[in-house]
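The values are calculated or read from the model by the stated rules, or taken from the named source; none is laboratory data. Here the structure is a predicted model, which is why all the values come from computation and not from measurement. Here Cβ is always computed from backbone atoms with ideal geometry, including for glycine, and neighbour counts include all displayed protein chains. The area values use the complete protein model at the heavy-atom level, side chains included, leaving out ligands, DNA and RNA. Shrake-Rupley method; radii C 1.70, N 1.55, O 1.52, S 1.80 Å.
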Amino acid sequence: MRFLRKLCLLGLLLTLSSEMSFEQGAIGGMKHSFDTDIWSIRQNAFPTFTGTYGDYVQYGAAIMLPTLKAFGVPTRNNWGRMLSSTAISALISTGVSRGLKVLVKRERPNQLDTKSFPSGHSTTAFTAAHILHKEYGWYSPWISIAGYTMAMVTATQRVVSNWHWMSDTFAGAVLGIASVELGYFLGDLIWKDKGRCHKFDPHAHTHYNPAANDYYTVEWLYGRRFILGPQEELDASTRPYRGGLAAIQAELPWTRGALGSTLPGAEGTIPMSAGLKVRLGAQSLTYQNSDSFNIYNALVGSYWSLAVTEWFETEAYAMIGANWHQKEVGADLDLGVSANFITGGAFKIKAFAEFETFKIQKEQGFLASFILGYSAGFYF
């Protein structure tokens, strides 16, 4: 049941990412969308960047997989079982990725071809990272984090180098993880109890424990902003009407407890925690006439979370800070809620909604906006 639940969730995420396509219209022949809002951040910050380090980093976790085993680090499976499960996972991810490229035919942001969706580099990197986690995550969460970090670096490079839209890399990540889940499920059916490493301890696997709920979290966020205001100002491009968000944030717990713990029958309580949330972000602001510029912000505040089940939790948070653009500095206030899905091991996916009000010019009042987005990150 856990495998089916996880696979259904990943399948839903892959479907949603494929819907982030564009129609003919405003920017570069496309209407504004989630992807163009994130793309605008890149265009405003470093439009000529063409780094190629993702071509090499995508294989980092794949290199670590046999290297660590050769040096005696304990794994989940012996060589035969590990290599067969890896081969099945790789065949699934490669086959589906190439098939989708042919079927979807999405044009790349650099307009060089129509093989943008999904990102092959991201699929390769996250396939290798999740295999690395499957084999070594029970032994050390830091090995899993190293693999996922290289995968995130690869996905980021594909966007900032203008080879992919954000949803291409998101789809590649989801496809890579889902392929490994299916590949290892099939591998376990084939091998059954044979080929398991004698040192493997399934109970030592890094596993989310809602009762503890005291994990440190580092995550990457991406969102789409909708700015509120008088329609005539939005239409006249005297104030921006939309934008994108890309940020990195951390959560540091300081207390935990249980909702309803003072009531009779405490066994029915919901674990809860609170802590410090810190965020550094870059955001694009776009006008109706397609003019766009970036602002950058730093926020700090508190979060409160409820661990509803071992795979789902809810969170509310409030942050305050400052944003800056050229020589202007303004205040920034953010209130948000999120639904958090634990996909296994040390990895989380979140969907969030925020209300943010901020000031970017002295002569202009505060801008009010709503942000919808998602994040992916590690907990440890």
Identify, please: which residue in segment 286-318 is among the charged types (D, E, K, R) and open to solvent by 50 Å² or more (accessible area, probe 1.4 Å) and is, among those, farthest from Gly336 (Cα to Cα)?
Asp291
Condition met for Gly321 (surrounded by fewer than 21 Cβ atoms within 10 Å (Cβ to Cβ) and part of a strand (DSSP E or B))
yes
Picking from Leu4, Leu103, Leu83, Leu14, the residue that is under 21 Å from Tyr374 (Cβ atoms) and either open to solvent by 30 Å² or more (accessible area, probe 1.4 Å) or at pLDDT 95 or above (or both) would be Leu14
Within segment 65-80, how many residues are touching a residue at least 60 places away in the same chain (Cβ under 8 Å) and open to solvent by 50 Å² or more (accessible area, probe 1.4 Å)?
1
Got a sec? Which of Tyr215, Tyr241 is hydroxyl-bearing (Ser, Thr, Tyr) and over 23 Å from Phe347 (Cα atoms)?
Tyr241
Has segment 109-117 got at least one residue that is of a type in the set (A, V, I, L, M), within 29 Å of Ala282 (Cα to Cα) and modelled with pLDDT of 95 or more?
no
Tell me, yes or no, whether segment 309-321 has at least one residue that is of a type in the set (S, T, N, Q) and farther than 30 Å from Tyr139 by Cα.
no
